Every structure is written in C-alpha cells, then in structure tokens.
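These notes are about the structure you will find just below.
The values are calculated or read from the model by the stated rules, or taken from the named source; none is laboratory data. Since this is a predicted model, take the numbers as computed values, not measurements. Virtual Cβ from ideal backbone geometry, glycine too; neighbours counted across all protein chains shown. Protein only, heavy atoms only, side chains kept; ligands, DNA and RNA dropped before computing areas. Shrake-Rupley method; radii C 1.70, N 1.55, O 1.52, S 1.80 Å.
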Amino acid sequence: MERPRHQGMPKNTSMRWRLPLVCLLWEVAMIVLFGVFVRFGAEADAHWEEEKREMNLTSDIENDFYFRYPSFQDVHVMIFVGFGFLMTFLKRYGFGAVGFNFLLAAFGIQWAILMQGWFHSFKDGKILIGVENLINADFCVGSVCIAFGAILGKTSPIQLLVMTLFQVTLFSVNEYILLNLLHVKDAGGSMTIHTFGAYFGLTVTRVLYRPNLEQSKDKQGSVYHSDLFAMIGTLYLWMYWPSFNSAISDHGDAQHRSAINTYCSLAACVLTTMAFSSMLQKKGKLDMVHIQNATLAGGVAVGTSAEMMLTPYGSLIVGSISGIVSTVGYVYFTPFLESRLHIQDTCGIHNLHAMPGLIGGIVGAITAAAATEDVYGKEGFIKAFDFTGAYQTRTPSIQGGFQAAGIVVSLLMAFAGGAIVGGILKLPIWGDAAAENCFEDDVYWEVPEDEESDVYHMHNPDKPASP
Amino acid sequence: MERPRHQGMPKNTSMRWRLPLVCLLWEVAMIVLFGVFVRFGAEADAHWEEEKREMNLTSDIENDFYFRYPSFQDVHVMIFVGFGFLMTFLKRYGFGAVGFNFLLAAFGIQWAILMQGWFHSFKDGKILIGVENLINADFCVGSVCIAFGAILGKTSPIQLLVMTLFQVTLFSVNEYILLNLLHVKDAGGSMTIHTFGAYFGLTVTRVLYRPNLEQSKDKQGSVYHSDLFAMIGTLYLWMYWPSFNSAISDHGDAQHRSAINTYCSLAACVLTTMAFSSMLQKKGKLDMVHIQNATLAGGVAVGTSAEMMLTPYGSLIVGSISGIVSTVGYVYFTPFLESRLHIQDTCGIHNLHAMPGLIGGIVGAITAAAATEDVYGKEGFIKAFDFTGAYQTRTPSIQGGFQAAGIVVSLLMAFAGGAIVGGILKLPIWGDAAAENCFEDDVYWEVPEDEESDVYHMHNPDKPASP
Amino acid sequence: MERPRHQGMPKNTSMRWRLPLVCLLWEVAMIVLFGVFVRFGAEADAHWEEEKREMNLTSDIENDFYFRYPSFQDVHVMIFVGFGFLMTFLKRYGFGAVGFNFLLAAFGIQWAILMQGWFHSFKDGKILIGVENLINADFCVGSVCIAFGAILGKTSPIQLLVMTLFQVTLFSVNEYILLNLLHVKDAGGSMTIHTFGAYFGLTVTRVLYRPNLEQSKDKQGSVYHSDLFAMIGTLYLWMYWPSFNSAISDHGDAQHRSAINTYCSLAACVLTTMAFSSMLQKKGKLDMVHIQNATLAGGVAVGTSAEMMLTPYGSLIVGSISGIVSTVGYVYFTPFLESRLHIQDTCGIHNLHAMPGLIGGIVGAITAAAATEDVYGKEGFIKAFDFTGAYQTRTPSIQGGFQAAGIVVSLLMAFAGGAIVGGILKLPIWGDAAAENCFEDDVYWEVPEDEESDVYHMHNPDKPASP
C-alpha cells in the first residue's frame, strides 16, 4: 500500500516551477474572487459616519475595532510566531517550520475570508468584512497550523498549500454546521479548531505513512538553541491564549470572563505538566517536549467553555487534567500511535490538540447542560447561549446534547476530510522528499554553510563538501 | 556556618518524586481554595447586563476589560517572555531560566490571586476577580521573578516553588501595609515590586552563600547566541514597561501620563547606560550585560511617580540617573557584593531592581511632596492621590513622608522575610545541586546532545560521552 | 575620491571617550529642551477632569489613549524588536544590529518628540504631548532604522547617532512640507518614512562607499540560527504592520479600514515573494533573504492608501506586485547597485523600502485621484481627505497631483540630505572600522568567546588566541 522508496535514487524535489505556479495561480484567483465578492463592512467603510447616525452611536469608540483589535493582534501573533516558532524545535528544520507556516497561513487567511464570508458575512452578493472576519480567518488557519504539526518535515510546500486549500474549505463547512445548524457555542474553538484540525492532520499523516522514516531519525531531535527558539512559540501561545478564547466572544462580560477562565486553566496546566514530566522520566528530569507543548493543553481544553460560567476553580480543574493527559500522551501514546497505528505525529498534536480538544468539547457540553438562570441571570442566560428567535425554547440540557453532537460532527468531518485530502497528497506529483531527507531544510531552502552543518549533511551526492 | 561540600560525592538532585508531589499538592490546594473563595467580579459575571443597568452604563465598552486588557497582555509578556528570556544569557542554563520562571510564575499567579484577593477584593466571603486582579497577580509574581534573578542557576525547582509561596505571601502583606494602611501611591511598584523583590532575593542569596562557586565559573558566562536570546527579554521588558507602570493607574489621564513618563525615562536610560558602559571599559567596548539590564533601570525608577505629574523632562532626568547608577553598579558594586558581603547575585538584580527601586521610591516621595493644586487642578489633585474619606486632610508633604515610610517598610519586610525564607531553603531536603554543577541545565533537564555540549559537560561520572 | 585604506595599520575604533561624550551631551541637551518646551497634553494632564467637562465627554474611554495605545505598543515592538532583530541575520553582527538599533532609536524618539512637536503640537510656547506624539516619534525613528539597514556593519555608533540627529531633523521638515504645506495624506508613511528613509540611507551609503569591502565578504553572510533570529524581526514587522498603518488614522472607520487593507496586502505579498524566490533560483530553493524582507513590501506599499477606500482586492493587487518587485530587486538590482553604482546596501533596503515606498506613494496618488463621493459618502469623503477650511475646494484629481508632488519632495530631501549627512559622516573622526573589520561585533562590543568564534576572528593582532 505504501509507495516504494528506492534509496539512492533521489526524488525530484525541485520547486522551481511547481511552487511559483501554484502560488501565483492561487493569488490571482484570490484577487478575482476578492474583486467580485469582498467589500468593507459598515464599520470599516467610509460611510460609517452615516451608519453611526443611523445606529445612534455617539462615539467612534463603539466601533467594533476597539472591542476586538487588541485581541486580533494577539491571535495574529499566535498563528505566525506562536505556531511558527513552536515547530522550530527540530535541529535542522527551523526554516521550514517558520517559513512554511508563514506561507500556508498567509494563503489560508485569504481563502478563509472568502469561505467563512460566504457562510457568515454574505449580504446582497457581497462579503462585508471587519476585524471579526480577520480573527475568524486566523482561527481557521490555526486549524491548518495544527495539522501541519503532524506532518512537519515530511511534506513539500506545495502539499501544504493543497492541504490548506482543502482544510480551510472543510473547516468552514464544519464550522457552519456547528455554529449555524446545530447552534453550538465554541468561541475558543475546542471543537472547530482543535478537534477538527488535529484529527484531520492525524488522518492525513496516517495516509502519508512513511515506513522508512527511521532513516532520518537523527534529524528528528532538537539541539540546545532550537529548543529555546521553540520556547518563544510556546510562551506566546500560552500568554495570548486568553485573547484567543475571548477574541470573538460577546462584548462585555463574555470577553472578560473568557480571558479569566483561560488564564486560570493555563496556570494550572503548567504545574501538572511539570509534575508529570518529572514523574514519568527515570531520572526525574524535565523534558522540554512536554514543557513546550503540554503546558498549552489548558488553553485548548477551555476553548468551548471559557465564555460560559465555568468559574475560576472549574478552569483550574480542567487545566490540571488536560496537562496530565497531554504529558502522559507524549510519554505513552505517541510511541504507541507510531508503532501500532502507523501515525507519525512529528509535533505530537494528538497530545496537545486532539485529546485536549475533545476534553474541551465535553467540558463545554457539560457546562452548557448545567447552566441555570440562577447562575447567569435571566438576561445573561439568554445572551450567553443566544437563546433567541428559533432557539428561544432550547433548554440547557438540549444545548448540552447539541454541543456533544458538535464533537461527533467535527470528528467525522476530520476523518473523512483527512482521508480524502491525504489521498490527494499521496499523488507522486507534489515533490515531497525521500524518507532519508525528511526534517532537513536543505531540500527546499538555501541553507547557509555553518561549521555545524557538516554533521547534518543530507544524503545528497551533488552537494560539495563545505569549504 | 556554610554547608560543607564534599566534592566527588554527587548530591541527590533527582526531582522524580519531590517535584511532582509539591506541584500536585499545591495545585489541589489551589483548586480547593479557588472553589471556596474565588468568583467572577461583576464585570466578568453573566449578570453584567443587570449591573450595567444599575450603574447606568450605556455601553459594553465601559467594562474595565477594555480599559486594562491590552496593558494586562503586555505585562503578561513581560513576566513570562521578558523575565524568562532576560535570564537565558547563561550559556547552559537557558532551559532553567525560561522553564523555571514559567513554573514559578504560573504557580505564583494562582496564589497571588488568593492572597491579594483576601486583602483587596473580598466581599461577602468571596474574592471577586476581574482583569485588574490578573494584572496585580502578574505584578506580585514579578517580584518573585526578580528574586529568582539573584539565585539563578543555584537552586532546585522545589526551592523556587517554596520561595514563591512565601514571597507571594509576604509581598501581599507588604502591599497591604503600603497601599491600605499607609495610603501610599505605587502604581508601577518601585517599592512593592522592585525594592521588596530585589532585597528579598539578595537576602536569600546571602543566606544561601556558596563558598565554592568558582568551581562553575566557566558556566557563568554567555555565548554569542545566548546573549541574543537575552536581548529578546530585554527589549520586551523595555518596550512594554510603559504598560507595566500604567496598567493599574486610574482610567483616563493617569494611565496616559504613566505611559508617557515611562517612555521618556526609558529612552534617556538607554543613552546613559551606553555612555557609561563604554566609558568604564578599558578599550571602550560596550558590554552586553549592561545593555541587557541597565537600560531597564529607567522603568523601575519611575514606577512610583509615573502616574504623578513628574513631567517628561523630570522623567528624562530620573531615567538618566538610573542608567548611570545601574551601569556603575554592574562594574563596581557586583564584584564588591560578592567578595566582601558574600552576596552572589547571578543577574545583578541589585543594579537593575534594588538601587533603581530605591531611587523610584525616593522620587515618588519627592514628587508627591511637591504636588500642588495648581499643577494638578483641584479635582485632579484629589483624584491623583485619592485624598478622600479618611485621607481628606492629608497634605502633599505628609503624603511624601508616608511614601518614604513605604520604602522603609518594604526594606524591612524584604530583609526579615528573606532571612527566614533563606533559612528554610537552606534545609538539605530540596535537592539543590553541588557547586560544580550550578548554572547547568543538565541537572534538572533532559538536554539534547549537540556537538557543542561536549565542552560544557558537567562533572557527572555516569554520563556517557556523546556519540 | 575614496579614503585610502592602509591594510595592517588598524584604525582607532575605540569609543571610550567619544561615545560617552556624545551620548551624555545629547541627553543633557534633551533634558534642557524638554524642560523648556515639553508638557503633557490635555488628555495626559491631571487637569483632564476639567477638560472632560468642557468637551462634554461622559467617559474616560474617550481619552485618545484608549483609541491608540494598543497600536502604539505594536509600533514600538516593530521599531525595537522588528527592525532590531531583522538585522541580526549577519553571523557576527547581532549585538550591533540589536544594540545600535536600540541606541539610535532611543535617542531618536527624544529628538523626534521635539522636532515634530515644534511643527505640529506647539501651543503657547509649549509642546503638548500625548500618545499620538509617541507614535509619531516612533514613526520618525523608523525612517532612521531603515537607513541604518543600508550601512549596517560599516559604521561606528557615533556615526549612527550623528546620522540620527540629522535624519530626524530632515524627516520632520519633509513631513511638515508634505502634511501641512502640500496637505498630503500619508498615514502609514510610504513617502515620509519609507521613500525618504530608504533613499536617504542609500545616498549615505553611496557617499561612504568602501572599495575594499570584499575583505569582509566572509562575514556578510548568515548562519543557521542567525537567520532564525532575523525571522523574529520579520514576523513582528509583518504581524504588526496593520497597526503601523492604522496607528494615526482618524478614529473609527479609518483605523479599521487601514488595518484590513494592510492585512490583505501583506498576505498576498507572502505568496508572490515565495513564488519568485523559488523561481529565480537555479534549483528552485527558497532564499531566507527574500522571506525575511520581501514579504514585508506589501505593508510598505499600502502605507499611503491603507486608510483610503483601496478595497481588499486592491490591497491584494498592491501586495502581490510589491512582493514581486522586491524579490526581483534582491536577485537582480542589489548586485547591480553595488557593482555599477557603488551603492553597498547591507540589508537591501532598496528592495524592501525604497521601491515599495515609491509604489506606495503612487498607489496613494492614484487612489486619492480616483476618490468619489459615491464611494466615500458625502461626509466620509470630506473626512477622509480633510477637505475642510483652506482645502474645501480641493478635488480628488488635484489631491492626486499633490500626493505625487509629495513623492518628489521626499526624494529630493532624501538625496540632498543624504549627500550632506554622508559627507559629514565621512570625516575621519568618528571611529569607524577598517574594511576588513566590518560586519564584526568584536570592534565595538565585548564578545564572549564561544568555540565558534575562532572561525570568525577579526584581523586584530592584539587579540589573544582563544583558550
């Protein structure tokens, strides 16, 4: 079932025509589609003065820009620096980690503005955008960055762009089903971003299984400074996660509450991660892989419930559990997934996004089901779950059921979508590297010749010895 | 008086059971205490709609979240990336610097929310929290990060957690005495955060004096790239310090003014630091230690007075002086403190936080004493110093006296607290490393085997030669 | 015409008295001038309570601080971390890149507050400052950081300070001519910051032409980790550019629109940069130089027009083109400029700032000329171009003409100013290094002795071999 690998016969990994072709064609398509469809929303349009009068707003500060722009910038940092640098831990794949993440995210946000716009911001034939669309586009691309973590080092940039195109599309469909058809709450995206993104990526990497990957085993580790670069990514994700989970919550108390819950959950998660990281090693030494990743599980696991009345201690409990689950995952599940299920998960997204995402979905369902007018207040209750219009009669327990259904739908979309997209990426036309050249920047990047690099030379006969 | 060191007999530094036990026990304690005490404040609670009506607020933008959240995120970055990376300058202690700072801060903010909450946000048996509590918790932990700088590389993670527990407690008591009993203004924490934190840390490191530390002298320096990592910390502290000093100031002009004063002070500080760094070296070359640290003294030194009418030129003066004092401190005081007073101050916090903190307290006292209704306006005067209720009759000169008293109290708390906590940390049960293994990540971390690492091998007989 | 270089006779590069003298003298001058001129503006002054009543403001949130402070902090990060780390790509000039950028920016913002204040915020003999002045000072210094990119590695810190003094002065004059006399719109500074800054720097580096620079050719490259450090700078510039272009736009829709246009332009720019980077290399490999720089051209190129109704697809077009132009520039123009025109442009600012800046100016002129009341709305039209008072009768096409004139004025100021300042910097009193010691931190910095450093030893006979 797997593609045979002929060692010694180098694969054609040259991107010279394929990558420019794909990038330019797609950018032209974006320009055309934006030209036909995308316009400024009322709050970003020069007609805003009139709009303000109509809506009886007395101050420019009521523009949504001021409610959401600081959070948007934090989310933006998470996508580009957070995910980008988190993946630089590999000793010779830092350019690919930061650079390809940059490429796929920059393309993905354009396509996401269109896809999500058609579903959510379409009015009179036009997609009307504002700062919330930018945040949602970043969110959508976040799910692609997650999936990228599973296949990091094993794919060509073209494969990543193809995957981004399909995954953004599927993300938007899944998101529409959850938010609009099931009327599910998922402000921080435990289901739509993390569960969907992670299981999608895991399915793709399963389909792309490389039996000879141990040939590049020596390059799958880190070096001292690459681990420090990765900590830049970790910390920015960790610090800005309260902005992530609160960025598109309702104005006022909901944004405020989301930030507090996430802050608490993440703080607790660090302690349980450190505890289990030390406990599960023979000599009790801490492992940077856990610190870089499992400390973030607390943010994932309150993604759905952060804007609900989870309460600070509820957040501590969720954060504590997710740190434990995630660390245990790195120690026991990742090797198991690789050896038994042939799922090669470079960054361990199963531990950081998949399992905590599921926890997040479940916690969200429980928190919703347990909601009462007493806890939320009469108005707050209706506002928090948007029990208006067609949903006026929905009860908390029914909402909890729909939330649970959202998890299942996300999983199904991820598995089905991942299988199809994995199949497409398996076509032998995308220029991915041979197994012995995985995790090596030299395949797709001009790499400077430092002294160190001697040691990591790829098996490339036409490369001269360094001077 | 000092613990004898038996070279050759390695100490038991294994964290395998001790660290997990401490982390998990404390996290459980946090969950229980949060469960009993902590609830959302009015602005983060789902009842906010009703609150809004009661308070006659017409817009969600009046929620304190929008006044303070951007500053909160900046402060958050300072604590985790700023302090964390500032301390990565050591060639082989980057994991410990970033990782232990992460651990102690994540634990500290939970405990600080409780401690500060009992003192300042306690109502009907509950601590009601909002974004301001998160900022204050970060502030409180900032003082622990400062103290960590003095003992960097010489303690086990358990010692750090024990120190955090006690220091957060003492910080909160000291803060309560200053802000509530003495009615002192200290928005940027020159006294409560910097003076207290630094002298506390210096006292602890004095008690923990290691006579044989020259055994790890080769590891106390930096390498080229570790100095660049440290500059990430420096710059984030420098850039976001205006947010630090303005984060909890009164809404409106006070926040605005604090940011401007801090911006000015820091800009001036860079120039005098560069000047003295060059002047005090034989060959006139700049020293990265000064650039990484003394450039920040300007932020510390306007901590108390930034929200007052210090004026931009006043800020330039304070910043200029503090840069000079701090740089001179690195060149002359630090060696003196070590050789004569047996104070081993790894990061030189005496120069960056202790002395500039004292300057900040004094400048604050003078600025307060010099305040007039003419300069502040009648209403502004009362608002700036909160001369209402019991303090209605306080005059500027009396306020100046109380400000000065605040410095003294902070110093006493720091010395007494540091001595006691130092004594506790001296107990031979915490798993700290032998003198020859200080400043070496290998003791508590799984460290990847890069080629470079050969050179830095610790004196650990059971470690195999790298392949 | 060029200064003769006597190889073997080391130049006197000691900064021991010259640098401190310049720094301290200038800081004293700043203190005096700030003391005479600078005071808090109404929104940062303690009299704000009275001001609020006069202006009929009901809430502190109306303070300009809350409209602009988050953007200010993003801009601040761009200047210090963005530009600073972008230039760390050189293997042995990281300290100089980050450190000298820090120095010149910290000095420049003080002088800029004065210069811009006299032109724009002068009232009753005082310069009244607020958060907008801080942003403008950062902007002004941005143009110096750009020019620094052209001469990176070839000048002493004193030369940089001298250049900063003059360039800030000329910037402020040019800005005054454009904004006040020509009534040109340029919120993101395509003309005032990028075109002016880049051509100024290119002229300076032309005057300072070093014929023997190939002697330090081996140090003009990067190493693996220095390229990753540079990506930190790149990403922060890229992510925060929407804040840069919107930071001083009008409140409300204009800020909102600027951010969206810039976001779109930058996203498109990444794709065309990647496409051309791969296409223009023989083996189709991506070049980090392009990714680090050309991806940012999209932000420069919408600097003038971002706050206009450029529309999202217009932004995509501008971003796409600028990415192509910039990448082609790195491959073909930079070598041409060096070999034929003797312009040694270390960072390639011609490709990142000069050409995209010109594009930005032209796009701005066209977008302004094409404006209609239909697109902007009657009020929006007047507000967007400030067609009030003396400019009441200006038509879009006339505005377009003035915009174009703004480009020409900026170019003339840059060439004339750069020639004069270059001439001053050529005086043999500033302590710049010999050609063979360029791009080497060891000249002006205490550099730690890592093993690696052996390889990069500068030609300095009095330096002992490393131990």
Inset, instruction - Identify, from the list B:Leu310, B:Leu280, the residue that is closer than 15 Å to C:Phe34 by Cβ, within 11 Å of another protein chain (Cβ to nearest Cβ) and in contact (Cβ under 8 Å) with a residue 12 or more places away in the chain. - result: B:Leu310
Legend entry - Close pairs (9 angstrom Cβ cut-off, 6 or more residues apart or separate chains): more than 12 Å from C:His183 (Cβ to Cβ) and without any contact (Cβ under 8 Å) to a residue 40 or more places away in the chain in the range C:387-407, hydroxyl-bearing (Ser, Thr, Tyr) and in a loop (DSSP other than H, G, I, E, B) anywhere: C:Pro396/C:Thr372
Inset, instruction - From the list A:Tyr263, A:Tyr240, A:Tyr224, pick out the single residue that is of a type in the set (Phe, Trp, Tyr), under 27 Å from C:Val223 (Cα atoms) and within 11 Å of chain B (Cβ to nearest Cβ). - result: A:Tyr224
Inset, instruction - Could you check, for the range B:27-39, whether at least one of its residues is open to solvent by 50 Å² or more (accessible area, probe 1.4 Å) and closer than 27 Å to A:Gln281 by Cα? - result: yes
Legend entry - Residue under evaluation C:Tyr199, criteria (1) within 29 Å of C:Ile382 (Cβ to Cβ); (2) open to solvent by 10 Å² or more (accessible area, probe 1.4 Å), criterion not met: (1)
Inset, instruction - Taking the residues in the range B:74-106 that are over 30 Å from C:Glu449 (Cβ atoms) and among the β-branched types (Val, Ile, Thr) as candidates, determine which candidate is nearest to the other protein chains (Cβ to nearest Cβ). - result: B:Val77
Legend entry - Candidate set from the range C:12-26 (those that are assigned to a loop (DSSP other than H, G, I, E, B) and open to solvent by less than 70 Å² (accessible area, probe 1.4 Å)); member that is nearest to the other protein chains (Cβ to nearest Cβ): C:Arg16
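Tally time: how many residues in the range C:45-73 are polar (S, T, N, Q) and either in contact with a helix residue (DSSP H, G or I) (Cβ under 6 Å, 6 or more places away or on another chain) or at the interface with another protein chain (Cβ under 7 Å from one of its Cβ atoms) (or both)?
Selection size over the range C:45-73: 4.
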Inset, instruction - Kindly establish whether A:Ala247 is within 18 Å of A:Asp74 (Cβ to Cβ), among the small types (Gly, Ala, Ser), within 7 Å of chain B (Cβ to nearest Cβ) and open to solvent by less than 10 Å² (accessible area, probe 1.4 Å). - result: no
Inset, instruction - State yes or no: is C:Val184 buried (at least 19 other Cβ atoms within 10 Å of the Cβ), within 14 Å of chain A (Cβ to nearest Cβ) and not small (Gly, Ala, Ser)? - result: no
Legend entry - the range B:206-244 - residue that is open to solvent by 10 Å² or more (accessible area, probe 1.4 Å) and acidic (Asp, Glu) and, of those, farthest from C:Ser226 (Cα to Cα): B:Glu214
Legend entry - Among (1) within 14 Å of the chain's Cα centre (by Cα); (2) open to solvent by 10 Å² or more (accessible area, probe 1.4 Å); (3) of a type in the set (Gly, Ala, Ser), the one test that A:Gly125 misses: (1)
Legend entry - Conditions (1) assigned to a helix (DSSP H, G or I); (2) at pLDDT below 95; number of the one not met by C:Ile366: (2)
Inset, instruction - Can you work out which of the residues in the range C:368-390 that are away from chain A (no Cβ under 14 Å) and among the hydrophobic types (A, V, I, L, M, F, W, C) is least open to solvent (accessible area, probe 1.4 Å)? - result: C:Ala369
Inset, instruction - Scan the range A:40-72 for residues that are open to solvent by less than 50 Å² (accessible area, probe 1.4 Å), charged (D, E, K, R) and under 16 Å from C:Pro312 (Cβ atoms) and jot them down. - result: A:Asp45
Legend entry - Residue list for the range A:391-411, restricted to those being buried (at least 16 other Cβ atoms within 10 Å of the Cβ) and of a type in the set (Ser, Thr, Tyr): A:Ser410
Inset, instruction - Could you please find all residues in the range B:286-314 being closer than 20 Å to B:Ile232 by Cα and either surrounded by fewer than 24 Cβ atoms within 10 Å (Cβ to Cβ) or at pLDDT below 95 (or both)? - result: B:Asp287, B:Val289
Legend entry - Hey, B:Arg68 among the charged types (D, E, K, R) and under 30 Å from A:Tyr376 (Cβ atoms) or not: yes
Legend entry - Residue match in the range C:344-361 (condition: in contact (Cβ under 8 Å) with a residue 60 or more places away in the chain, open to solvent by 40 Å² or more (accessible area, probe 1.4 Å) and closer than 24 Å to C:Thr192 by Cβ): yes
Legend entry - Among (1) within 19 Å of the chain's Cα centre (by Cα); (2) at the interface with chain C (Cβ under 8 Å from one of its Cβ atoms), the one test that B:Gln255 misses: (1)
Legend entry - Number of positions in the range A:269-285 that are touching an Asp or Glu at 6+ places or on another chain (Cβ under 7 Å) and crowded, with 24+ Cβ neighbours inside 10 Å: 3
